[in-house]
1. Percent relative contact order of the chain, based on C-alpha pairs within less than 8 angstrom and at least six residues apart?
2. Compute the distance in nm between two label points, each set 7 Å from the Cα along the Cα-to-Cβ direction, one at Ser300 and one at Ile123.
3. Which number gives the lysine pairs in the range 3-306 that have C-alpha atoms under 23 Å apart and are eight or more places apart or on different chains?
4. Rounded to the nearest 20 Debye, what is the dipole magnitude of the chain about its Cα centre when Lys and Arg each give +1 and Asp and Glu each give -1 at the C-beta?
5. Ile53 label point, 7 Å along Cα→Cβ, cut-off 15 Å on backbone N: hits in the range 168-196?
6. Given just the C-alpha atoms of the chain, how large is their convex hull per residue in cubic angstrom?
7. What percent does the relative contact order of the range 206-293 come to when contacts are Cα pairs within less than 8 Å and at least six residues apart?
8. Quick one: 3J(HN,Hα) in Hz for the range 21-26, Karplus 6.51/-1.76/1.60 with θ = phi - 60°, rounded, Gly and Pro as x.
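Every read-out reported here was derived from the displayed coordinates using simple, explicitly stated rules and does not represent laboratory data. This one's a predicted model, so the numbers in the text were calculated from it and none came from an experiment. Neighbour counts are summed over all protein chains in view; Cβ atoms, including those assigned to glycine, are modelled from backbone coordinates with ideal geometry.
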Amino acid sequence: MEPIDLYRKVGIRKARLFRLHRMNGLVPPLIVYALAALFMNGISAFLSLNYYIGGVMLYCLGASAHIYNQMQDWRSDRNARFSVSKLDYVYDEISPFYIRLNLAAMTMLVVASLAIFSSIWLIALIGCGYLAGILYSRPPVRTKGVPFVGIFSNIFGYVVLTTLTAYLAVGGELVVAAAFIALAFAPALAGTIVAEMVDHSVDKGAGDRTTAVFLGMKRSATIVLALTVITAVEYIPFAAYILLHYGNPLPLLFIPVIAIAIRDQLRLRKRPTEELANRVFFNMMSYATFAGAVYLVLRSGIYVIGA
């Protein structure tokens, strides 16, 4: 059974708050945040209170963006055929007052977290993230419907913002943060394009000229495959270097994830349909998140045993 089949069978439709916040979409950036903090500071990052405050802030920021996006796109989410947006659709089950109350609460928690940090750089970064999340779906700007702008808005939120928040919350070297962003950029871009492929017909019908609509399904699938091959070319030597020079085999955990992604994307290139794109996207997110979580648990366990 693949991850998306399990997702459909666990009674997720009853978890309304889960679906309103789209928590399934918030786990990957929080894993990125944890890996970035570990990458820059080692296990000591998890001993800092600032790390956990930053995590809460990122969760609330992401939940705010997802709630607002659902308020703007509820019609297209209702009409989605295959995507997780369809499974997460909750607009008819929760009152508008409760939805707005959740948005206000998440926004207030973001502001409260920023007040604790009192860092002008972090305030500017999170402010840009909040604005990007609003403009992604708010007319007349609606960056979602602008080719390449929408996907880079997502890349900013999922990779750049999370990594720089880890840097500003727990410290580290800026050059290391930049290296982490460079490693994560290509796979994140591939995942974002596949996510747009899932809603190709709905977005096209709604007049949104997303990158996938602009490129077409076949060309989008080709670019996604090329990005994942680039990821393999970048990452495998990096993992080998960490193993040979530091004796740490844990980065090898992500190599099977890359291999599975290439296998799935080869199928997608041969048959670029929304249904298959949905399965490929969910597998990419699920396997990468699982590998990231296992890496964090094993790395923390090694530290505890060593201590």
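1. Rounded, it is 22 percent for the chain.
2. Rounded to a tenth, the inter-label distance reads 3.2 nm.
3. 9
4. Value, rounded to 20: 760 debye.
5. Taking a point 7 Å out along Cα→Cβ of Ile53, the residues of the range 168-196 whose backbone N falls under 15 Å are 168-171.
6. 132
7. On the way: 50 pairs, mean separation 28.0, N = 88.
Relative contact order comes out at 32 percent.
8. 7, 6, 4, 4, x, 8
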